Structure formats: C-alpha cells, structure tokens
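To keep things clear, I will list the structure first and then write my remarks on it.
Coordinate-derived values only; no laboratory data. The structure displayed is predicted, hence computed values, not measured ones.
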Amino acid sequence: MPPVRDHIPVVVQGRGRRARRAGLAGVLWATAELTVTVGVVVLLLVVHQVWWTNRQAAAAAQEQVRALERAWEDDPDSAPPPSEAPLPSRPAPSPSASAPSSPSASSSPSPPGPAPRPAAGPSAVRERAYAVLRIPRLGLVVPVAQGIDKRAVLDKGYAGQYPGSAGPGAQGNFALAGHRNTHGEPFRYINRLRAGDELIVDMRGRRYTYVVGKTLSETTERDTGVIAPVPRSVVKPGYGYGEPGAYITLTTCTPEYSSKYRLVVWGTLRS
C-alpha cells in the first residue's frame, strides 16, 4: 500500500493581484464614464443658457418690435393705451434707501442695474412692451417694457424701464436696464458707445432722439444715483450730471458673464 502523502494547497498569489487590478480598473472606468457624462450635461446646460436662450429671446423680442410697428401703422394717431403709457415720474430712491438683499448663489443674477425701490403691485399689463429703442452704432433694435423683473421683462430680451423713472422725452431720467449676456443680451455691446452716438426711442407716432454724453465703466449695483432724475454716481461723484434735464440711462452688468458691477451709459435729449 503506497504511503499517504499530506495534501498541501498551492496558493497562487498572482490571481489575487489580477483581481485587485481588475477591480481598480473597473472603478476608474466607471469614474471616467461618470465624469464624461457630467461634463456633457454641464456643456449642454451652458449651450442652452448662452446660445439657445439668446436665440429664443432675440427672436421673440424682434417679433414684439414688428408687432408694435404694425400696431402703430394701423392706428398712428391714437394715444398709447394704458399698457403702453410710460410710468409717471417720481423721485428715484435715495442712496440710503434699503435695497433688496443680494441673491444667493443658487438664485438667478440680480437685474443688471442699481436696485431701486420696488414698485407696488406690479402687473402683467405694465410689463408689456410700449416702445422701441434703436441704437444705430450697434445695429440694435429692442422693445422697451415697464419694470425690470427678470422673468417678465429682461429674460424676454427686452430693455426694462426702472419703476419711477421718467418716460421717454420727459424731463428727468428715462432709465433702462438690459441683459449683457444670455436671454437676447441686448446691452452686450453698450460699452462700445461713444459721445455723440444716437439712442432713438420710438413710441406710437413719436420719436425721441438722445445723444450719448457720458459713460461710467464700473460702479456697484447699489449706486442708485445713476438712475436719479439728475443722474450722478454716488459711488464715483465725478461721473454724471449736475443740472436738471431730459436724460436717458442704460445700465447692464459688467464684466461680461458676471453681475458683480454695473456699466452705465448716459445721454441727453436732442432739442
């Protein structure tokens, strides 16, 4: 009878290493796939925000301009209906007036301009376009609506009239805000405006031509002086005007793709 030999198991160490390597490779592959997927989603969101919202808002804004012009041609002599009448002039909020708190990081950017005192009881009627702003140097034609609500006015690609500012052609300050980036970005290139450029405002049967006089390349969002009846910066008092008159003010965010500061362009009504 042959002798019985003890069975000694053979441990193959290479298999364990290969298994660990395979597991690590699987984790890395899954991480890479997840990273690529997240990157694609973020890219699509950026494309939607920067490109698609521009196309949508710009196209809708131009259609609104055409609708206004058709309405004016059909009835050129009538007075503007209540939905198109400019807001009554009243004093702009003082620099010391309380302003809305800054939005959180998850909220949408604040309106591109100094924060005025909110108007009481805003309505959809007051947010309809009632005028057209034309800036020949920039090739810009954009509808003007009352109010600076982002969703109801600015995100439509409109220029929004600050509540309490003077109407077009009136004594005081016809103050407007507009997006610089996304949602039609009508005021993207107002930094290119120079003294002497025309800012034309059309309403039913009326045209008001303002001439650019001064600009302020950067100020804070709470610099309410720039939209006062006699516009003058309270942050940089050397910028602005010192006498009553008929003014126009354009405000937007700066630098581009940021809402940290405000860019301001002023003009005076051509007599």
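Values for this structure:
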{"quantity": "Extension gain, Ser258 back to Arg137 (0.36 nm per residue minus Cα-Cα distance, nm)", "calculated": "41.1 nm"}
{"quantity": "Rule-of-thumb Rg ratio for the range 154-240 [Cα; 2.2 N^0.38 Å; N residues]", "calculated": "1.11"}
{"quantity": "The range 192-210 and the range 216-271: distance between their alpha carbon centers, rounded to Å", "calculated": "17"}
